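Input: a single structure, listed below in structure tokens.
The values are calculated or read from the model by the stated rules, or taken from the named source; none is laboratory data. These numbers come from a predicted model, not from an experiment. Reconstructed Cβ throughout: ideal geometry from the backbone, glycine too, with neighbour counts over all protein chains shown.
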Amino acid sequence: MMDRDTKEPFCTPLRGWSARRRDGFGAMSHERLPGLRPELASLLKRFGIGPAARSDWPAALCIVATFVNLPQIERAYGPMFATTVRHVVRERARELCRQHSGTVAMSAEHILFVFDASSGMQDPHRGFGTLPSLLLDRILTDLADRPVRSGSAVAFPVIEANVAHFAEEPFDIDSVNAARASEMQSGDEWREQFLADTQVAERVFRAMDERQLDFELERICDAKEPGTTHYHEALLSKTGDSRDERCRIGSEVRALERLGVVRRLDRWVVESIIGRLRANPDARMGCNVSAASAAIDAWWASLIVTLVEEPEVASRLTIEITETFPLANLDAAREFVSVIKWLGCRVALDDVGHDFGSLRNLVSLGVDIVKLDRSLMSACRHDKTAAARLVQLIGFAKVCVASVVVEGIETAGDARTACASGATGLQGYLYSRYANGVENR
């Protein structure tokens with residue numbers, strides 16, 4: 001295959017490489033990470049990291065990035081702007097390679113990076129070679145963090161990236177990324193939604209870059225002993241002119257999910273909560289990630305490395321999978337849950353009973369905690385049949401998990417209903433009105 005931009009052979013450098021590193025690149029410090037379980041070692045190796053014999057690592061590191069949403073951009077704005085976006089992404093890739101001893105070639109939707117594995121881009125504070133995860137991180141951020149603009153047209157590139165593992169056989173670039181292409185729809189209605197979602201994404205990411213995103217905290221308390229807090233859920237919000245002014249932006253996440261760019265926001269959320277847990281050794285916190293992010297891939301590589309090396313922090317973190325977006329790949333989501341639990345975190349399935357096959361996911365994923373959507377409690381206030389359904393749902397959930405949290409607890413009567421129905425945890429305005437030092441609204 002030829003790169004239609006550079007006219008250079010696309011795959012030739014990948015054939016027959018036999019040179020191997022002799023300095024232990026990728027060798028994990030077992031003194032810092034005793035007893036690393038085999039599943040995690042295998043997972044880290046997927047990203048080119050982890051315990052391996054010194055002869056296992058190549059002299060060059062190959063990463064394939066795939067431009068997932070180029071067809072959608074072309075459909076929304078036309079081929080001229082799509083060509084502009086492709087050119088900008090290619091130039092960003094070239095600049096990254098100039099900075100990190102790499103070469104790049106692009107063909108169709110794929111971008112092939114080849115880096116010198118001896119370039120020394122390592123984190124001195126970590127106990128093992130982190131070059132692959134650092135480069136994956138840079139590729140995802142440098143290529144896709146900034147929107148591309150031309151006149152009134154704006155688009156966010158959606159990039160997937162993975163380390164290319166190859167042997168002596170010819171290299172098949174299409175096999176590296178199982179790209180999750182966005183749904184191809186047609187018609188004016190789809191285009192209007194795409195453009196509107198892009199405007200929402202601009203606002204959210206601008207707020208993130210300008211440090212206007214923050215969190216409101218809600219207690220998850222014990223149903224029998226409400227004074228006991230299991231952990232605090234951090235709910236994404238945007239600050240106003242004053243730090244005391246906040247508005248929740250969970251509803252805007254749906255636009256990011258439809259565009260395919262929610263992974264960037266979710267990673268920022270998890271990184272931010274990890275930072276808070278480091279700063280407060282007594283805190284136990286949970287944060288939401290979209291169902292669209294519930295897959296172990298390059299977006300999670302650096303976070304996995306962090307949690308492997310900081311098990312004490314991992315033990316105080318709960319990842320809540322929200323079901324505002326359908327789980328497209330149940331097997332990938334099941335692997336995600338297993339990996340997060342291997343790392344020492346807990347996993348909750350949020351908004352159960354709301355939509356998108358909650359009961360199937362409850363049975364299949366193997367989570368630690370189930371959180372029932374607040375609409376269920378709201379219905380119980382005026383409907384005895386709804387109250388009976390809540391009892392049945394909690395009973396069913398307890399077959400699958402030990403902890404069932406009822407959300408939307410606003411009054412003492414709500415709390416009594418939830419406890420009588422069998423809930424083990426309670427969450428809502430009744431317990432979190434002043435959890436942030438100001439009144440939550």
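Regarding S272, is this residue under 24 Å from E218 (Cβ atoms) and either of a type in the set (S, T, Y) or assigned to a loop (DSSP other than H, G, I, E, B) (or both)?
yes
Sort out which residues of region 350-396 are among the basic types (K, R) and out of contact with any strand residue (DSSP E or B) (no Cβ under 8 Å at 6 or more places or on another chain), and write them in order of number.
Selection gives R360, R374, R381, K384, R389.
Residues in region 260-277: is at least one out of contact with any Pro (no Cβ under 9 Å at 6 or more places or on another chain) and without any contact (Cβ under 8 Å) to a residue 12 or more places away in the chain?
Yes, there is a match, as at least one residue in region 260-277 is out of contact with any Pro (no Cβ under 9 Å at 6 or more places or on another chain) and without any contact (Cβ under 8 Å) to a residue 12 or more places away in the chain.
Taking V104 and the conditions (1) among the β-branched types (V, I, T); (2) in a helix (DSSP H, G or I); (3) surrounded by 18 or more Cβ atoms within 10 Å (Cβ to Cβ), which numbered condition does it fall short on, given that it satisfies the others?
Failing condition for V104: (2).
Within region 192-241, which residues are within 19 Å of D282 (Cα to Cα) and either outside any strand (DSSP E or B) or not assigned by TED's automatic domain parsing to the domain that holds V313 (or both)?
P226, G227, T228, listed by residue number.
Does region 260-276 contain any residue that is over 25 Å from P157 (Cα atoms), outside the structural domain of L70 (by TED's automatic domain parsing) and over 14 Å from the mean Cα position of the chain (by Cα)? Outline the logic, then answer.
Restricting attention to region 260-276, the residues satisfying the condition of being over 25 Å from P157 (Cα atoms) are 273-276.
Filter again for outside the structural domain of L70 (by TED's automatic domain parsing), leaving 273-276.
This time we only want the ones that are over 14 Å from the mean Cα position of the chain (by Cα), so: 275-276.
Yes, region 260-276 contains a residue that is over 25 Å from P157 (Cα atoms), outside the structural domain of L70 (by TED's automatic domain parsing) and over 14 Å from the mean Cα position of the chain (by Cα).
How many residues are outside any helix (DSSP H, G or I) and farther than 28 Å from E407 by Cα if we restrict to region 298-345?
So the answer is 1.
For every residue, the table says whether it meets (1) within 30 Å of T417 (Cβ to Cβ); (2) modelled with pLDDT of 95 or more; (3) in contact with a Phe, Trp or Tyr (Cβ under 7 Å, 6 or more places away or on another chain); (4) not charged (D, E, K, R).
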residue	(1), (2), (3), (4)
V200	no, yes, no, yes
I220	yes, yes, yes, yes
R248	yes, no, no, no
L256	no, yes, no, yes
W268	no, yes, no, yes
L277	no, yes, no, yes
R284	yes, yes, yes, no
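If I go through region 277-323 residue by residue, how many of them are basic (K, R) and crowded, with 19+ Cβ neighbours inside 10 Å? Even if it seems obvious, please write down each step before you answer.
Initial filter on region 277-323 (basic (K, R)): 278, 284, 316.
Okay, now just the ones that are also crowded, with 19+ Cβ neighbours inside 10 Å, so 316.
Number of matching residues: 1.
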